[in-house]
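The values are calculated or read from the model by the stated rules, or taken from the named source; none is laboratory data. As the structure is a computational prediction, the values presented were derived from the model and not from experiment. Backbone-built Cβ (ideal geometry, glycine too); neighbour counts: all protein chains shown. Just the protein is used for accessible areas: all its heavy atoms, side chains included, with ligands, DNA and RNA removed. Shrake-Rupley method; radii C 1.70, N 1.55, O 1.52, S 1.80 Å.
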Amino acid sequence: MAKPRVIRVTKADNNFQYLEVISRNRRKRHRYGVFLVETVKGINAALQYRWDIQAFIYPAQVELSRWAQDILQNSRAPVHYELNPRLMEELSDREETSELLALAAIPPDDLARIPIRKGFLVVVLDRPSNPGNIGTIIRSCDSFQAAGLVITGHSADLYDPQAVRSSISSLFALPTVRVPSYQELLPWFARIRERYPDFQIIGSSAKATKKITQVDFTRPTALILGNETSGLSHNFREICDEIAKIPIFGSTSSLNIACAASIFLYEIQRQRCAAPLIPGE
């Protein structure tokens, strides 16, 4: 195994600007096809789930922890960036500067990455605008056994540092795919329905008349959640089999989308755990 090429960065040169722009600039991040991973849990998960790590970044002349040393010693990344500690502090997105960052390759946006299997459950986000919400929903999807997450339309960036950080480490465990619009989902949904005829598409709306407890979530399900401000688009409403709401009380009229997603996912899991087992399954 070839040793990584070490690039020593002592000033804000082109190498540092490359790393910084990946962290701060969405367009450049996707142009280069990589994003920054900063936390211990995130880096461990990226390695555990065999994501393509393009580089590791660490401060020069700083005694690293045994964890960081082990990762660097066993690294398969082609490049290591050794930064002046001041530059490492500038690059880090945390109050306490991280000792190790990773550059991970952005995987292809291919719906085939989401496994279609018994008990199928996928969550679809319609134009989410907040990266923190995206990360939190990824974490909930991972916690409640969704097969994957699909993000449609013009949305906040899935690989924004806030989204990556908010997912804790679930981004690397949960297949998450972006598609331009609902239209790319139609043939995919049709294939799922061919395999599972009782497959259903359930939308979420605070204005719905049906409560989530009145929906049979033991069936294979696609759960559609709308934009934080405008809710479900007309096109998504048209393809839903049913639209359900979370009953709420008090002065508020709606819930944060990440809270709503967690409540829906919990209800789905509750129903499925309560359902009687079918012999032979």
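Here are a few things to note about the model shown:
- Subset of the stretch 160-174 [of a type in the set (S, T, Y) and within 8 Å of the chain's Cα centre (by Cα)]: S167, S170
- Residues of the stretch 157-188 that turn out to be assigned to a helix (DSSP H, G or I) and in contact with a strand residue (DSSP E or B) (Cβ under 7 Å, 6 or more places away or on another chain), as a count: 4
- Scanning the stretch 44-61 for residues that are exposed (fewer than 14 other Cβ atoms within 10 Å of the Cβ) and within 18 Å of T97 (Cα to Cα) yields one hit, Q61.
- Consider the stretch 88-98 and keep the residues that are in contact with an Asp or Glu (Cβ under 9 Å, 6 or more places away or on another chain) and either modelled with pLDDT of 95 or more or acidic (D, E) (or both). The one that is farthest from A46 (Cα to Cα) is E90.
- Criterion applied to I151, I137, I192 was being of a type in the set (A, V, I, L, M) and touching a Lys or Arg at 6+ places or on another chain (Cβ under 6 Å), and the one residue passing it is I151.
- Residue match in the stretch 211-227 (condition: in a helix (DSSP H, G or I) and of a type in the set (A, V, I, L, M)): yes
- Summed over the stretch 243-264, the residues that are in a strand (DSSP E or B) and open to solvent by 50 Å² or more (accessible area, probe 1.4 Å) give a count of 1.
- Qualifying residue in the stretch 120-135 (condition: among the hydrophobic types (A, V, I, L, M, F, W, C), touching a Pro at 6+ places or on another chain (Cβ under 9 Å) and closer than 16 Å to V37 by Cβ): yes
- Counting only residues that are farther than 22 Å from R27 by Cα and in a helix (DSSP H, G or I), the stretch 83-100 holds 5 of them.
- Residue match in the stretch 96-108 (condition: over 23 Å from the mean Cα position of the chain (by Cα), more than 18 Å from S169 (Cβ to Cβ) and among the charged types (D, E, K, R)): yes
- Tally of residues being in a loop (DSSP other than H, G, I, E, B), in contact with a strand residue (DSSP E or B) (Cβ under 8 Å, 6 or more places away or on another chain) and farther than 14 Å from G226 by Cα across the stretch 101-143: 6
- For the stretch 64-89, filtering for residues that are open to solvent by less than 40 Å² (accessible area, probe 1.4 Å), of a type outside the set (F, W, Y) and closer than 15 Å to I53 by Cα leaves 7.
- Which numbered condition E267 fails, given (1) of a type in the set (D, E, K, R); (2) farther than 20 Å from G148 by Cβ; (3) open to solvent by less than 60 Å² (accessible area, probe 1.4 Å): (2)
- Hey, S181 out of contact with any Asp or Glu (no Cβ under 8 Å at 6 or more places or on another chain), over 30 Å from I106 (Cβ atoms) and open to solvent by less than 60 Å² (accessible area, probe 1.4 Å) or not: no
- Pair list, Cβ under 9 Å, 6 or more apart: the stretch 203-232 residue closer than 20 Å to D126 by Cα and of a type in the set (F, W, Y), other residue in a strand (DSSP E or B) and modelled with pLDDT under 95: none
- If you go through the stretch 124-134 and pick out every residue that is within 12 Å of the chain's Cα centre (by Cα) and within 21 Å of A112 (Cα to Cα), you end up with 3.
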